[in-house]
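Only the coordinates and a few stated rules stand behind these numbers; no lab work does. Everything quoted here is computed from the prediction, not taken from an experiment. Here the Cβ is made from the backbone with ideal geometry for all residues, glycine too, and neighbour counts use every protein chain on show.
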Amino acid sequence: MIGTPGSGKTMMARRIPSILPDLTFEEALEITKIHSIAGLLSKDVPILLTRPFRSPHHTVTINSLIGGGNIPKPGEISLAHYGVLFLDELPEFNKNTLEVLRGPLEDREVTISRVNASLTYPCNFMFVASMNPCPCGFYGSKDKECTCTPEAIARYMGKISGPLLDRIDIQIEVTPVKYQKIASDERIETSETIKQRVDNARKIQLERYKGHGIFSNSELTPSLSNIYCKLDLKSKEIVQNAFERLGLSARGYERILKVARTIADLDEKENIEAKHIAEAIQYRSLDRKYWK
């Protein structure tokens with residue numbers, strides 16, 4: 001999420017766990033094992049039943065993020081397994097620290113090698129990040145003038161590499177909420193209502209992938225994508241146009257398919273339609289505005 005200060009990026013990120021689907025028993029067991037190894041499991045709580053939300057400070061070290069120590073212990077990415085890892089003010093993190101996320105985001109596991117041992121921990125987490133569009137925070141704002149030079153903005157945005165951006169499925173711009181919206185009596189959707197839709201979509205996915213040993217669309221392999229993410233002629237034309245115009249990578253293409261499959265599930269549609277693929281592509285185009 002990119003937006004000016006006070007636009008609600010952090011607040012939205014912290015609300016994500018409230019709309020995530022309930023844990024399956026197998027997921028709860030995996031999470032509990034990891035927290036037990038890390039020494040974070042309370043004696044009063046024999047099993048964790050809520051999805052973890054981890055939000056390390058931008059001073060976090062590589063070892064704390066991916067795991068380490070003489071006897072390798074799980075890091076933040078493993079403690080966020082089946083939950084959310086939230087990095088607030090992404091460019092404030094050390095660039096080398098951010099780059100180590102690339103492998104785990106792709107492989108959903110991390111191997112830590114030391115002289116005494118080499119251990120592999122799972123890290124299948126939802127990666128969420130927020131950032132300002134420039135050092136002063138007001139680049140592109142209609143309400144306040146940006147005081148940054150083009151060079152300063154380029155340096156700031158350059159802290160986030162292209163390969164890391166390519167692994168972020170949804171990139172959105174967040175604008176400040178106007179007073180009229182805050183003061184309005186209009187009824188808005190609650191987290192409970194949204195969660196019902198998410199739970200329904202997850203049930204569809206659990207049933208669909210029952211024989212494949214995966215829980216959700218995000219875990220689809222390329223071979224499974226060919227089976228469950230088939231596109232009609234119109235959708236293929238939209239993707240081809242976007243692929244050529246936006247310069248998408250093969251990874252970007254696969255991730256668009258997975259997001260479109262999820263949008264279709266939320267819409268309770270059996271097949272991916274043109275509107276679903278168009279929406280998924282829209283979520284991948286923001287990097288062309290800020291990372292030219």
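With a cut-off of 8 Å between alpha carbons and a minimum separation of six or more residues, what is the relative contact order of the chain in percent? Once normalised by length, the contact order is 19 percent.
Per-residue Cβ neighbour counts within 10 Å put 125, 86 in the sequence 86, 125, beginning with the fewest. Computed over every Cα-Cα pair of the stretch 1-148 and binned at 10 Å starting from 0, the pair-distance distribution P(r) comes out as 11, 35, 32, 15, 6, 1 percent. Cα-based values for the stretch 87-238, radius of gyration first and Dmax second, are 20.7, 62 Å. Put simply, the Cα atoms of the stretch 191-290 extend 36, 32, 23 Å along their principal axes, the longest span coming first. Using Cα-only point scatterers and the Debye equation, what is log10 of I(q)/I(0) for the stretch 21-88 at each q in 0.25 Å⁻¹, rounded to two decimals? Those come out to -1.13, one per q.
On a straight-distance basis, which aspartates and glutamates could pair with residue 95 in a cross-link, Cα separation under 19 angstrom, same-chain partners fewer than 8 positions away excluded? Here the aspartates and glutamates satisfying the reach criterion relative to residue 95 are 76, 106, 151, 166, 287.
Per residue of the chain, the DSSP helices (runs of n ≥ 4 H) give a summed -39500 (n - 2.57) that works out to -12000 deg cm²/dmol at 222 nm. Summary value for the stretch 191-290: 31 percent relative contact order, contacts being C-alpha pairs under 8 angstrom separated by 6+ residues.
With q set to 0.06, 0.13 Å⁻¹, the log10 of I(q)/I(0) for the chain, from the Debye formula over equal scatterers at the Cα positions, is -0.21, -1.06. Shown here for the stretch 54-161: trypsin sites (Lys or Arg not before Pro) in loop regions (DSSP other than H, G, I, E, B) with at most 15 other Cβ atoms within 10 Å, namely 108, 114, 142, 144, 159.
Legend: distances between Cα atoms for 195/258; 236/269; 181/269; 9/159; 73/195; pairs beyond 25 Å are 181/269; 73/195. Using θ = phi - 60° in the Karplus curve 6.51 cos²θ - 1.76 cosθ + 1.60, the 3J(HN,Hα) couplings for the stretch 24-40 round to 7, 4, 5, 5, 4, 4, 4, 4, 4, 4, 5, 5, 5, 4, 6, x, 9 Hz; x is entered for Gly and Pro.
Could you list the GluC sites (Glu not before Pro) in the stretch 92-145 that lie in coil according to DSSP, counting only those with at most 10 other Cβ atoms within 10 Å of their Cβ? Mind showing how you got there, number by number?
Details: sites: 92, 99, 106, 109, 145; in loops: 145.
Loop-located and lightly packed - 145.
About the centre of its Cα atoms, the chain shows a dipole size close to 360 debye [charges on the beta carbon of Lys, Arg (+1) and Asp, Glu (-1) only; nearest 20 debye].
Which one of 250, 190, 218 has its Cα pushed farthest toward the positive end of the charge dipole of the stretch 172-292, where Lys and Arg give +1 and Asp and Glu give -1 at the Cβ? So the residue we want is 250.
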